[in-house]
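> Just dropping this structure here.
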Amino acid sequence: MFEPLVIWDLEDDPDGNVAHIAEHGITQEEVEEVVQNPDNPTVPSESSGRPLTFGWTETGRYLGVVWEHVCDDPRTIKPITAFDAPPPARKRK
């Protein structure tokens, strides 16, 4: 089992996170790849203050995922939205 656990609304809930993320052309699997990778950076969202995790997916997309903390034990989160983000610039030597 991967952490954090990810809570999804019902797929037929028009106001739920599954529908909202799908509007951006992003799958639940892509969101989970990003938030469940402990190496991905998380920062506060500038617009909402919620946690925002950035990371690459196996499909080659660089995404930002905004989520809210639900529970500590087990560590559980609920995605709010996700979007394609500009990849980080590579550092020059």
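The values are calculated or read from the model by the stated rules, or taken from the named source; none is laboratory data. Quick caveat: nothing in here was measured; it's all calculated off a predicted structure. Neighbour counts run over all protein chains shown; Cβ positions are idealised from the backbone, glycine included.
> Would you say residue 8 is surrounded by 15 or more Cβ atoms within 10 Å (Cβ to Cβ) and touching an Asp or Glu at 6+ places or on another chain (Cβ under 9 Å)?
On the way: surrounded by 15 or more Cβ atoms within 10 Å (Cβ to Cβ): yes; touching an Asp or Glu at 6+ places or on another chain (Cβ under 9 Å): no.
In short, no.
> Give segment 17-32 a look and list any residue that's in a helix (DSSP H, G or I) and of a type outside the set (Gly, Ala, Ser), or say none.
First pass over segment 17-32, keeping only residues in a helix (DSSP H, G or I): 17-23, 28-32.
Scanning segment 17-32 gives 17, 18, 20, 21, 23, 28, 29, 30, 31, 32.
> Tally the residues that are in contact (Cβ under 8 Å) with a residue 60 or more places away in the chain and either of a type in the set (D, E, K, R) or closer than 16 Å to residue 75 by Cα (or both), restricting the search to segment 3-50. Give the steps one after another, and end with the answer.
Filtering segment 3-50 down to residues in contact (Cβ under 8 Å) with a residue 60 or more places away in the chain leaves 3-8, 17, 20-21, 24.
Remaining after also requiring either of a type in the set (D, E, K, R) or closer than 16 Å to residue 75 by Cα (or both): 3-8.
Matching residues across segment 3-50 total 6.
> So how many residues does segment 18-35 have that are over 12 Å from the mean Cα position of the chain (by Cα), acidic (Asp, Glu) and within 16 Å of residue 62 (Cβ to Cβ)?
0
> Still on this structure: With part of a loop (DSSP other than H, G, I, E, B) and either surrounded by 14 or more Cβ atoms within 10 Å (Cβ to Cβ) or touching a strand residue (DSSP E or B) at 6+ places or on another chain (Cβ under 7 Å) (or both) as the only criterion, which of 79, 87, 14 stands out? Walk me through how you get there before you give the answer.
Numbers: 79 fails: part of a loop (DSSP other than H, G, I, E, B); 14 fails: either surrounded by 14 or more Cβ atoms within 10 Å (Cβ to Cβ) or touching a strand residue (DSSP E or B) at 6+ places or on another chain (Cβ under 7 Å) (or both).
Of 79, 87, 14, the one residue that is part of a loop (DSSP other than H, G, I, E, B) and either surrounded by 14 or more Cβ atoms within 10 Å (Cβ to Cβ) or touching a strand residue (DSSP E or B) at 6+ places or on another chain (Cβ under 7 Å) (or both) is 87.
> So for segment 42-53 (the condition being surrounded by fewer than 14 Cβ atoms within 10 Å (Cβ to Cβ), modelled with pLDDT of 95 or more, touching a Ser or Thr at 6+ places or on another chain (Cβ under 9 Å) and more than 18 Å from residue 2 (Cβ to Cβ)), does at least one residue qualify?
The answer is yes, given that some residue of segment 42-53 is surrounded by fewer than 14 Cβ atoms within 10 Å (Cβ to Cβ), modelled with pLDDT of 95 or more, touching a Ser or Thr at 6+ places or on another chain (Cβ under 9 Å) and more than 18 Å from residue 2 (Cβ to Cβ).
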